[in-house]
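The values are calculated or read from the model by the stated rules, or taken from the named source; none is laboratory data. Fair warning: this is a prediction, and the values are worked out from it, not measured in the lab. All Cβ positions, even for glycine, are placed from backbone atoms using ideal geometry, and neighbour counts span all protein chains on display.
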Amino acid sequence: MLNLAEVEFPQKLQCLFHPDYSRYRILYGGRGGAKSWGVARALLIKGAQKTLRILCAREYMISMKDSVHKLLCDQILALGLDGFYEITQNSIRGKNGTEFSFVGLKNNVANVKSHEGADVCWVEESQTVSRMSWDVLIPTIRKEKSEIWITFNPELETDETYVRFVLNPPQNSIVQKINWSDNPWFPQTLKEEKDQLRARDIEAYNTVWEGLCRKTVDGAIFQKEINMAELEERITRVPYDATKPVHMIFDLGWSDMTAVWFLQFVGMENRLIRYFEVNQTKMTDILAKCQTFGYVFDTLWLPHDAENKTLAGNGRSIEEIVRNAGFKTRIIPKVPIVDSINAARTIFSNCYFDRENCHQGLQCLRHYRYEVDPDTKQFSKNPLHDIWSHGADAFRYIGLMIQEPKKIVKKQIQLPVSNWMG
């Protein structure tokens, strides 16, 4: 059997083997600190010594390529444990019954809750994990003496994982910051890359390599607007006004997110009372979710591609599905992205956001950034398409719906509300 004394770890990762029980073991810091490498090794060693059920989770996992499966496989070979662990396409099993399984947290509640018997849950790249995902995962890992291991590179100090586990760590936690300087095997190739970034952009260097949070992301599109909203206390408690109807503004996706903002107009104020996002979810199920909030709805605003007929919709468009469900719809016209960004900036000063119910949407606005041109290394005019862009795209549409109402053609049919499920 593998001798733990023969396996090398950075000194700061010895906390992974601390004999006293800790509900949370939290490793955070910059690139090159060997956090993921160390956790993979530690879990494989522990799993070889004792039968464990280990859940490897992350916020988004469309396929196994998005998981730590490959990292674990590489470490199995490096540790000489290939005779002990059997590697399958979707799991890793030890001869003693230890099992590694993999799950994406976002909008996967049923699958997450099926792992309530896990001994250890490792959440990798957890800087992107939302408040809702944590609220589902933490009570799911409920076995006596079960642990949650968390690894991440911090970005914004407002990110949920940083606030929850670094600024306000739970009781019975080990919180360890580890950077490249704590890794005795830090490679020369990364050292050169690190030094080049430090010479070029010290703020980016501090975040990428030293694990320091930044106030805003580089190239943030709505940086000034979000800062002003905070200063003017427009990110606050925004209750639903039952005397005013609610508009829903969508950005559509399937593998990507479908993002929805819930908006009320009260006087001169644009009140954003709720935001939510889902993926791989049928429009009828999304509408059913919207109904559970108990709002009185006015109009559901859809992007221009909602007019396209799809095979998934049995030859119907998203617009037709929504109208057949009894909702009024309007199509937001396609315009240059720069115009919709400007429209959103124009209406931002009148926007009030519910801090709790719009938390994830606000994170999207904070992280929405311009992409970097691979040739010039400068910011381009195009927003980066990533996990944060869908909520920000839906917010851009709010700017268009307010600024260009005369250009939007109203489409609706009168159907009994009782037929809304189709």
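Structure data summary
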read-out: Count - residues of segment 185-221 that are of a type in the set (A, V, I, L, M, F, W, C) and assigned to a helix (DSSP H, G or I); value: 6
read-out: Selection from segment 222-251 of residues that are in contact with a helix residue (DSSP H, G or I) (Cβ under 6 Å, 6 or more places away or on another chain) and part of a loop (DSSP other than H, G, I, E, B); value: Phe222
read-out: Meets criteria (under 17 Å from the mean Cα position of the chain (by Cα), surrounded by 20 or more Cβ atoms within 10 Å (Cβ to Cβ) and of a type outside the set (Lys, Arg)) for Val112; value: yes
read-out: Hits in segment 252-268 - residues which are touching a helix residue (DSSP H, G or I) at 6+ places or on another chain (Cβ under 7 Å) and small (Gly, Ala, Ser); value: Gly253, Ala259
read-out: Among the candidates Ser67, Ser63, residue that is under 19 Å from Phe102 (Cα atoms), surrounded by fewer than 19 Cβ atoms within 10 Å (Cβ to Cβ) and at pLDDT below 95; value: Ser63
read-out: Hits in segment 360-376 - residues which are within 15 Å of the chain's Cα centre (by Cα) and either surrounded by fewer than 21 Cβ atoms within 10 Å (Cβ to Cβ) or among the polar types (S, T, N, Q) (or both); value: Gln360, Gln363
read-out: Single residue of segment 377-391 satisfying the filter (touching a residue at least 40 places away in the same chain (Cβ under 8 Å) and either outside any strand (DSSP E or B) or not assigned by TED's automatic domain parsing to the domain that holds Gln363 (or both)) that is nearest to the chain's Cα centre (by Cα); value: Ile387
read-out: Any hit, segment 190-213, residues being more than 21 Å from the chain's Cα centre (by Cα), surrounded by 13 or more Cβ atoms within 10 Å (Cβ to Cβ) and under 18 Å from Glu124 (Cα atoms); value: yes
read-out: Unique residue being without any contact (Cβ under 8 Å) to a residue 24 or more places away in the chain and either out of contact with any helix residue (DSSP H, G or I) (no Cβ under 9 Å at 6 or more places or on another chain) or not assigned by TED's automatic domain parsing to the domain that holds Asn227 (or both) when the list is Asp135, Asp159, Asp119; value: Asp135
read-out: Segment 267-299: number of residues that are closer than 18 Å to Gly361 by Cβ, outside any strand (DSSP E or B) and hydrophobic (A, V, I, L, M, F, W, C); value: 3
read-out: Candidate set from segment 300-341 (those that are under 22 Å from Cys358 (Cβ atoms) and assigned to a helix (DSSP H, G or I)); member that is nearest to the chain's Cα centre (by Cα); value: Ile341
